[in-house]
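> Have a look at this one before I ask anything.
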Amino acid sequence: MSSKGGPRAVGTDGNDFKHRQRVASHYTWSVQYKSYLKYLFFFHVTVLVFMWTKVGGEFLVKTIGVEWPAFTRLDLPTAYPWEYVWSLSFLPMICALLSFPKNKIQLLKYHYYGQFVLGIVPCAIGIGSQLPELFDYVSDPENSQTPTFKGTFPMVIIWYIFFLIAFQIHAFAMYFSFNLMAAWQPPKKTE
């Protein structure tokens, strides 16, 4: 036992801690993976803000008819359908955050599969749909019909940078949530 500034117990030099109880590893993993997921969610929300600005700005300007000069000056191409689906990828994050306080595995499973359906699948579709534009731009950058950002920088390059970042965010989120589910599972009984 510890005493604040008092005499040390007789017969010990302070190195007798190995017999004491330790925190079970699955509790440590749970805390660790929860914090990793929260960091990933921060990066995910950062990327989402840019996507919501693009998709939401287009919706406001072209569909509703709101005057937004800053958005029209950007001269962005029309949003692809996969962009709208990927914009919903915040929903699995909400499920994960709701699962954290009480370690609810079912909500974390929704997060795991939601990351795949609303995150990885739209990105994979986007990669496939942008591939012809990438080949067109790489083969002849001067005469390419690739949409541009502000009339100068090709959007296909921006999209592939986005895909690189988004795939890493979603893959790591799925990896950490899978390990978090394993940490939350009751221990298997050996017979």
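The values are calculated or read from the model by the stated rules, or taken from the named source; none is laboratory data. Small disclaimer: the values here were computed from a predicted structure and weren't measured. Please note: Cβ atoms are built from the backbone with ideal geometry, for glycine as well, and neighbour counts cover all protein chains shown. Accessible surface areas use protein heavy atoms only, side chains included; no ligands, DNA or RNA. Shrake-Rupley method; radii C 1.70, N 1.55, O 1.52, S 1.80 Å.
> In square angstrom, what is the accessible area per residue of the chain with a 1.4 angstrom probe?
About 67 Å² of surface per residue is accessible.
> Let me know the Kirkwood hydrodynamic radius for the range 100-191, please, with Cα pairs as the basis and the value in Å to one decimal.
Evaluated over the range 100-191, this radius sits at 15.8 Å.
> Dipole magnitude of the chain about its Cα centre, charges +1 at Lys/Arg Cβ and -1 at Asp/Glu Cβ only, in debye to the nearest 20?
Taking the Cα centre of the chain as origin, the dipole is about 1500 debye.
> Mind pulling the angle between the C-alpha long axis of helix 105-115 and the longest principal axis of the chain? Nearest 10 degrees, somewhere in 0 to 90.
The helix 105-115 is inclined about 30 degrees to the chain.
> A follow-up question, please. So for the range 65-142, what are the equivalent ellipsoid semi-axes in whole Å, largest first, each being the square root of 5 times an eigenvalue of the Cα gyration tensor?
34, 19, 8
> What percent of all Cα-Cα pairs in the range 24-184 falls in each 10 Å bin, counting up from 0?
Histogramming the range 24-184 at 10 Å steps yields 10, 34, 28, 17, 8, 2, 0 percent.
> Rounded to the nearest 10 degrees, what's the angle between the helix 155-184 long axis and the longest principal axis of the chain, both from Cα atoms, 0 to 90?
Taking Cα atoms only, the helix is inclined about 20 degrees.
> Counting alpha carbon pairs within less than 8 Å and at least 6 residues apart, what relative contact order, in whole percent, applies to the chain?
Relative CO of the chain lands at 27 percent.
> Then there is this: What pairs in 62/109; 34/150; 54/104; 102/188 have C-alpha atoms more than 29 Å from each other?
Over 29 Å Cα-Cα: 62/109; 34/150; 54/104.
> Build a GNM of the chain with springs between Cα atoms under 10 Å: which of 92, 154, 101 gets the top mean-square fluctuation?
101
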